[in-house]
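Inspection log for the structure reproduced underneath, given as structure tokens.
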Amino acid sequence: MIDLTAITRIFHMGDQVVRALDDVSVRISSGEYVSIMGPSGSGKSTLLNIIGLLDKPNSGNYALDGKNVTALSENEQAQIRREKIGFVFQTFHLVPRLTAAENIELPLILGGIPPKDRCLRVDAALLAFELQDRAQHRPAELSGGQRQRVAIARATIMQPTVILADEPTGNLDHHIGGEVMSLLEKLYESGTTLIVVTHDRELGARAHRQIIMRDGKILTDQANDPA
Amino acid sequence: MTLPDTLQLSFKAIMSYRLRSLLIVFAMALGVAAVIVLTALGDGARRYVVNQFSSIGTNLLVVLPGRAETSGSFPGAVLGQTPRDLTLKDAQLVGRLPQVRRYAPLNVGVAELSAANRLREVTVLGSNANLIPIRHMQLAQGSFLTQGSAQSAQIVLGAKLASEFFPRSQAIGQRVRLGENRFLVSGVLVLQGESMGFNTDEVVIIPIDYAQSLFNTTSLFRVLVEVNSRSEIQSAKQAVLDTLKESHDGEDDITVITQDAILATFDRILHALTLAVAGIAAISLIVAGVLIMNVMLVAVNQRTAEIGLLKAIGATAADIRRLFFVEALWLSLAGAVIGFILGQFGSLLLRFAYPQLPAWAPVWASLAGIIVALIAGILASLLPASRAARLDPVKALGKK
């Protein structure tokens, strides 16, 4: 359960003050599938970063699963990111010098999981995302769809409760993008909260709840019945 | 993140930027090798000099006439006296001291040596039979003033003189003329070459009595005294001073030099020189450290997005800091180890090229080289590592 109350995030661009988020309050229950849409600069990525504890609000309160996380120390926030949150990025953000398997393994290493367990879980993930024969390839040798599959495998390997996807299909063609979305939706169906930031209407319409933002405020927030 | 994982992950980073890592390790290795080779050279020179000194004799006291220091008033000056000569009688008195194993009085001069229609000027040493063992000289053939022949007109030729004067025949048993006197060649020295700027291959040795009459003098140039053991050097020196003071009517007019004192001075000078050279070489280690810092800063810049990602998937600032710290540590450790091997190899080459020079790097230099390399690496990694750890994840992820 994500509970944001009166979140404001201000950026200073030179002498200009930009309110990326202006007094935003939103509540997302566990297991929801939410799309956040809006034009560039509307604050949707900032909102996602704050939910993912990558960014700190200037004011307001954020409670995750009933616990106030705005007041936590950096190490405690890192621990929450490690255990409860999985990120999927538009540009995949794979480590270019590590193989697919090693990229998937990274969160397990950071979590201090013993090597034996890591191996088992990485193998299972490779199997689940149909990457078995790509395990020893580096990102440069993978297609865009394969890269995003590796990224999703990495985001889910710690079995987080929330998946945050920032334009997950932005760098993929329509067909592959559709496949990636299906994978993410599968995670949602198994009970994970899925929050997708996109400016693709069609993609946004697949979610069960649509939040539309403009100028750092929530314009509309409504349930959606995907056809 | 566990320690083995940190070590492994940063090792992977090093292996994937191979050229960069290789160059850095090479720079560090050169620094460490420079410290080791240069100290090997310096310490080798020191040992070379020490060996040279012990080649002219061990546990040696050198007694010379006159005082080499100024103190108090000199009553002789009022009476018009000069310092007393050092005489054979003094030498014999010294020889009776319990600490003294043997002594050799010494007169040095130049005279004309002629034999077999050949003629040349030679340096003449006048002494007794003990000169040869005290100065660690060796006879290739024959003997010098062995028992029962103390007063005979014997002469020992340097190796080069023997072969010059008697190229085709045995030198021993030949008669030669030195100045106005005739001598019988009783021995030939082993070819030794120059030692301490004194070429024993071109000297002749004759009994002290003949030397004194040849040079028309009753005073000695030096008395060489070999003490029983190293621990008795100081007491022997005092005993010699006391004995000769008594013999010289209470006048402190001789000087005793211990070989140890000279040796210690050279030892100190060359040790300081070695340290200075090591210090200069250590500067290259600092330079290598700065290089590591530069490379790590570039690495932080290059891998900004990666750092952002690590933070997004739950790495703490400490994890990131440790990763970069360990990466620099790996680089400097590899540099230190390779440098150590290179340095030992370089010293080996030196010893091959100059067999007389015992160019072994002292242990302290090897250790100091490695430790300074590691410290330079660690210091150099602090700034880049903390910069990486402080990166704002959102900005870092935004950077391509």
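Scanning segment B:84-111 for residues that are surrounded by fewer than 17 Cβ atoms within 10 Å (Cβ to Cβ) and among the aromatic types (Phe, Trp, Tyr) turns up nothing. In the set (1) under 16 Å from A:Leu194 (Cα atoms); (2) more than 14 Å from chain B (Cβ to nearest Cβ); (3) in contact with a helix residue (DSSP H, G or I) (Cβ under 9 Å, 6 or more places away or on another chain), the condition left unmet by A:Val24 is number (1).
Of everything listed in (1) more than 20 Å from B:Leu357 (Cα to Cα); (2) of a type in the set (D, E, K, R); (3) buried (at least 16 other Cβ atoms within 10 Å of the Cβ), the single unmet condition for B:Asp43 is (1). When only residues in segment B:169-180 that are in a strand (DSSP E or B) and open to solvent by 50 Å² or more (accessible area, probe 1.4 Å) count, which is farthest from B:Gln141 (Cα to Cα)? Applying the filter and picking the extreme gives B:Arg177. For segment B:123-139, a tally of residues being out of contact with any Gly (no Cβ under 8 Å at 6 or more places or on another chain) and buried (at least 16 other Cβ atoms within 10 Å of the Cβ) returns 8. Report yes if some residue within segment B:262-277 is away from chain A (no Cβ under 14 Å), in a helix (DSSP H, G or I) and among the acidic types (Asp, Glu); otherwise report no. Yes: one or more hits. Residues that are open to solvent by less than 40 Å² (accessible area, probe 1.4 Å), touching a residue at least 40 places away in the same chain (Cβ under 8 Å) and within 14 Å of chain A (Cβ to nearest Cβ): does segment B:293-302 have at least one? Checked against the condition, which is being open to solvent by less than 40 Å² (accessible area, probe 1.4 Å), touching a residue at least 40 places away in the same chain (Cβ under 8 Å) and within 14 Å of chain A (Cβ to nearest Cβ), segment B:293-302 yields at least one hit. Out of segment A:114-148, which residues are surrounded by fewer than 19 Cβ atoms within 10 Å (Cβ to Cβ) and either at the interface with another protein chain (Cβ under 10 Å from one of its Cβ atoms) or of a type in the set (Phe, Trp, Tyr) (or both)? Result: A:Pro114, A:Pro115, A:Arg138. Within segment B:135-168, being assigned to a helix (DSSP H, G or I) and in contact (Cβ under 8 Å) with a residue 12 or more places away in the chain holds for B:Ala159, B:Lys160, B:Leu161, B:Ala162, B:Glu164, B:Phe165.
Within this structure, A:Ile109 passes the test of being within 14 Å of chain B (Cβ to nearest Cβ), on the phi < 0 side of the Ramachandran plot, open to solvent by less than 20 Å² (accessible area, probe 1.4 Å) and without any contact (Cβ under 8 Å) to a residue 12 or more places away in the chain.
Here A:Leu94 passes the criteria (1) within 14 Å of chain B (Cβ to nearest Cβ); (2) in a loop (DSSP other than H, G, I, E, B); (3) open to solvent by 70 Å² or more (accessible area, probe 1.4 Å) except the one numbered (3). If the condition is being free of Cβ contacts under 8 Å to residues at least 24 places away in the same chain and within 16 Å of B:Pro65 (Cα to Cα), then segment B:84-134 contributes only B:Gln92. Of B:Gly335, B:Gly314, B:Gly377, all but one fail to be surrounded by 17 or more Cβ atoms within 10 Å (Cβ to Cβ), assigned to a helix (DSSP H, G or I) and at pLDDT 90 or above; the exception is B:Gly335. Taking the criterion of being touching a strand residue (DSSP E or B) at 6+ places or on another chain (Cβ under 6 Å) and either surrounded by fewer than 18 Cβ atoms within 10 Å (Cβ to Cβ) or not assigned by TED's automatic domain parsing to the domain that holds B:Val156 (or both), the only residue of segment B:185-214 that qualifies is B:Val190.
Kindly provide the set of residues from segment A:22-53 that are closer than 20 Å to A:Gln90 by Cβ and part of a strand (DSSP E or B), ordered by number.
Those that are closer than 20 Å to A:Gln90 by Cβ and part of a strand (DSSP E or B): A:Tyr33, A:Val34, A:Ser35, A:Ile36, A:Met37.
Number of residues in segment A:64-91 that are outside any helix (DSSP H, G or I), facing chain B (nearest Cβ under 10 Å) and without any contact (Cβ under 8 Å) to a residue 40 or more places away in the chain equals 1.
Could you grab me the full set of residues in segment B:308-352 that are away from chain A (no Cβ under 14 Å) and farther than 23 Å from B:Ile24 by Cβ? Please lay out each step first, then the result.
From segment B:308-352, those away from chain A (no Cβ under 14 Å) are B:324-325, B:328-352; that's our starting set.
Scanning segment B:308-352 gives B:Ser347, B:Leu348, B:Leu349, B:Leu350, B:Arg351, B:Phe352.
Put simply, of B:Ala276, B:Ala328, B:Ala288 the only residue that is surrounded by fewer than 16 Cβ atoms within 10 Å (Cβ to Cβ) and at pLDDT 85 or above is B:Ala276.
The values are calculated or read from the model by the stated rules, or taken from the named source; none is laboratory data. No experiment lies behind these values; they were computed from the predicted model shown. No Cβ is skipped: glycine too gets one built from the backbone with ideal geometry, and neighbour counts run over all protein chains shown. Areas reflect the complete protein model, heavy atoms only, side chains present, ligands, DNA and RNA absent. Shrake-Rupley method; radii C 1.70, N 1.55, O 1.52, S 1.80 Å.
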